[in-house]
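The values are calculated or read from the model by the stated rules, or taken from the named source; none is laboratory data. Keep in mind it's a predicted model, so treat the numbers as computed, not measured. Glycine also receives a Cβ, built like all others from the backbone with ideal geometry; neighbour counts cover every protein chain displayed. Please note that ligands, DNA and RNA were not included when accessible areas were found on the heavy atoms of the full protein model with its side chains. Shrake-Rupley method; radii C 1.70, N 1.55, O 1.52, S 1.80 Å.
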Amino acid sequence: MVFEGLADKLQATFKKLRGRGKLSEADVADAMREVRLALLEADVNFKVVKDFVAKVKERSVGLEVMSSLTPAQHVIKIVNEELTALMGGTQSRITISSRPPTVIMLVGLQGAGKTTTAGKLAHMLIKQNKRPLLIAADIYRPAAIKQLQVVGERLGTPVFSLGDKESPVTIAKKGVEHAISLGRDVVIIDTAGRLHINDELMDELANIKQQAKPHEILLVVDAMTGQDAVSVAETFNGRLGLDGVILTKLDGDARGGAALSIKAVTGCPIKFVGMGEKAEALEPFHPDRMASRILG
Ligand code: GDP
């Protein structure tokens, strides 16, 4: 499970700290050294780690101890609050337009989990009594269109496709028009990825953005790719302006660096996390719950 290594290390550090009655500055400094190492090993961005440790130290040293907490509990509370803040503080939701359809554009590299996530998102929206329509605009990855059609059939959700001969921009634009004619209230565009970021991809996505006017542009990134996921998020955000990130494959043994770095580095909140391959395996991202899970 994600964060396993980090959770083990932090919990061991704080267990040691709890064993002491009073905390000296040196005790706190020792613990923070271990926290720093654990975060770096979890592949958290170097600067994020540095700022994080500085903040916790600043708040921990010369602490006015609350009578209800031991000094160690107090430090743990601070770490918990700062981890939560690092991941965005509170849950970030998607914007539902007051004038339907809400248009959601999924972007990302090939293999990140875009098509799978489009299906999961549709499933989640159906459960919230919404009527989504999926648009198959990934014309480059063989089988992506078919994959989306299979997902749509399973969910009983219409899938708009023009095959792989039309441009993704045309498909997206016509798909949104089709959704309006069918009275669907949410549109999810599964855009084409590439193996790597290039200008062609970015230009195409910028064109789709211009034509389809999405309310939400969500980047789908694979948590297993660690700091690469963070730099992918930076680049996409710079070119397109992201409204949020969906971090996939958190059910795997990702170290967690992406989850802890993306918001701090890019300013974009993580809105959902993928926890498996099934349609139900998409969850809203709760920074506070994630922090509590790490600290045990
Ligand atoms: P795309 O190229 O971005 O459209 O990627 P796909 O949607 O085809 O996903 C690539 C692979 O990742 C597929 O085998 C998916 O089943 C798998 N996948 C996607 N999301 C998750 C997730 O949250 N957890 C796990 N374990 N696998 C996932």
Inset, instruction - Can you work out which of the residues in segment 280-296 that are within 12 Å of the ligand (Cβ to nearest atom) and acidic (Asp, Glu) is nearest to Arg18 (Cα to Cα)? - result: Glu283
Inset, instruction - Six or more apart or on different chains, Cβ under 7 Å: which pairs go from a residue in segment 250-279 that's away from the ligand (no atom under 15 Å from the Cβ) to one that's among the charged types (D, E, K, R) and open to solvent by 10 Å² or more (accessible area, probe 1.4 Å)? Could you list them? - result: Arg255/Asp43; Gly257/Asp43; Val265/Glu234; Thr266/Glu234; Pro269/Lys263
Legend entry - Filtered residues of segment 111-139 (kept if among the aliphatic types (A, V, I, L, M) and crowded, with 24+ Cβ neighbours inside 10 Å): Ala112, Ala118, Leu121, Ala122, Leu133, Leu134, Ile135, Ala136, Ala137
Legend entry - In segment 85-104, the residues that are open to solvent by 20 Å² or more (accessible area, probe 1.4 Å) and among the aliphatic types (A, V, I, L, M): Ala85, Leu86, Ile94, Ile96
Inset, instruction - Examine segment 142-158 for a residue that is closer than 30 Å to Ala38 by Cα and of a type in the set (S, T, N, Q), and state whether such a residue exists. - result: no
Legend entry - Residue count for segment 123-145, restricted to those that are in contact (Cβ under 8 Å) with a residue 40 or more places away in the chain and either of a type in the set (Asp, Glu) or more than 19 Å from Gly111 (Cα to Cα) (or both): 8
Inset, instruction - For Glu82, indicate whether it is open to solvent by less than 40 Å² (accessible area, probe 1.4 Å), away from the ligand (no atom under 16 Å from the Cβ) and of a type in the set (D, E, K, R). - result: yes
Inset, instruction - Go over the candidates Leu148, Leu195 one by one and state the one that is open to solvent by 10 Å² or more (accessible area, probe 1.4 Å) and touching a residue at least 12 places away in the same chain (Cβ under 8 Å). - result: Leu195
Legend entry - Candidates Asp288, Asp251, Asp222, filtered to the one that is acidic (Asp, Glu) and surrounded by fewer than 17 Cβ atoms within 10 Å (Cβ to Cβ): Asp251
